[in-house]
1. Extension gain Tyr250-Thr32, at 0.36 nm per residue separation less the Cα-Cα distance, in nm?
2. Defining a contact as two alpha carbons under 8 Å apart and six or more residues distant in sequence, what relative contact order in percent does the stretch 5-176 show?
3. First measure r as the distance between the Cβ atoms of Ser152 and Glu181, then evaluate 1/(1 + (r/R0)^6) with R0 = 22 Å and state the FRET efficiency to the nearest 0.05.
4. Provide the gained length on full extension for the span Gln172 to Phe142, in nm with one decimal, where the gain is 0.36 nm per separating residue minus the Cα-Cα distance.
5. Given 5 Å bins starting at zero, what is the percent of C-alpha pairs of the stretch 180-286 in each, up to the one with the largest pair distance?
6. Can you sort Ser123, Ser152, Ser256 from fewest to most other Cβ atoms within 10 Å of each residue's own Cβ?
7. Using the basic label-point model (7 angstrom from Cα toward the beta carbon), what is the Ala204 to Arg273 distance in nanometres?
8. Based only on other Cβ atoms within 10 Å, what is the fewest-to-most ordering of His173, His127?
Amino acid sequence: MDTIKKYDFKAGLPQEIELLDLEQLFQDAKSTLTTTHRTGFYQILWFQKGNPIHTVDFTPIQVSANTLLFLSADTVQKFDDLGNYHGKTILFTKEFFGNTTERALLLAQQTLWNGYLHIPLFSLEDHDRQIALIFEQLAIEFDQQQDIQQSSILRNLLHNLFLLAGRIHNEQHPNTSHDSEQILTINKFKELLDQKYHFQKQVAAYADELAVTPKRLNQLTQKILGKSPKTIIEERIILESKRLLSYSAYSIKEISFKLGFEENTNFNKFFKRHLHTTPNNFRAKIRK
């Protein structure tokens, strides 16, 4: 049985997308939101006012007014007990938006959804009116009587929001905006890592599948992400280990095996080297 509860998208809605008021959502579901939980759907949070501390994958984030946060499916999060949430949030499933190859690839590859590489929280600065317009168009469409065009219209508005937010994000983080071939290689590395981190930990093996040398892969990740491929691989393993220790009933030995460690002692050493605590102590602290 999971210790951290996972919430799937609400059943019974005509479409797997919702636009909600953050303040009202917090009031209605405070006990759920302020408990560490996972969601089986994608989320975009627009913090229009307030400065809560929002925890994402065990990392507390100090939120500022007029910022956007993108969270992919299965992210672990916790809302601030003190509230102070004012804004809007969009919830949607992969099945709703990713109904074409192009859109599925956008979810898989866009920097905004690569939460374990960096937490995609960024200020809208002077772009808030453009973002507000899309939110307003979404709200107007939700108020319309549902017809055969509505799903397509909502997907197109979401698509435009992703592209606009991606542009704003890249303006503020120029190290994430590079030659398309370089970005494609990084995205393919990310996809491979998601599939194989639990058994493949060698940089050379990923470089081989990407048809580049380990040196070239290192150059690309250092340039675009500011990290070596080895660090990125290890951070992915650490993130999954923290998730499993937090929400699963697996023993430390079982988690060690799931993450590709032949010996439990090797996993313990790896975990302690990165987090300066043991898996047992981490689990005990997170479950208090």
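Just so it is clear, none of the values below were taken in a lab; they were calculated from the coordinates. None of the values given here were measured: they were computed from a predicted structure. Glycine gets a Cβ as well: all are built from the backbone with ideal geometry, and neighbour counts include every protein chain shown.
1. 76.1 nm
2. Across the stretch 5-176, relative contact order equals 23 percent.
3. 0.10
4. 7.7 nm
5. Result returned by the calculation: 2, 12, 23, 21, 15, 13, 9, 4, 1.
6. Ser152, Ser123, Ser256
7. Using points 7 Å along Cα→Cβ, the separation is 1.8 nm.
8. If I rank by nearby Cβ atoms, fewest first, I get His173, His127.
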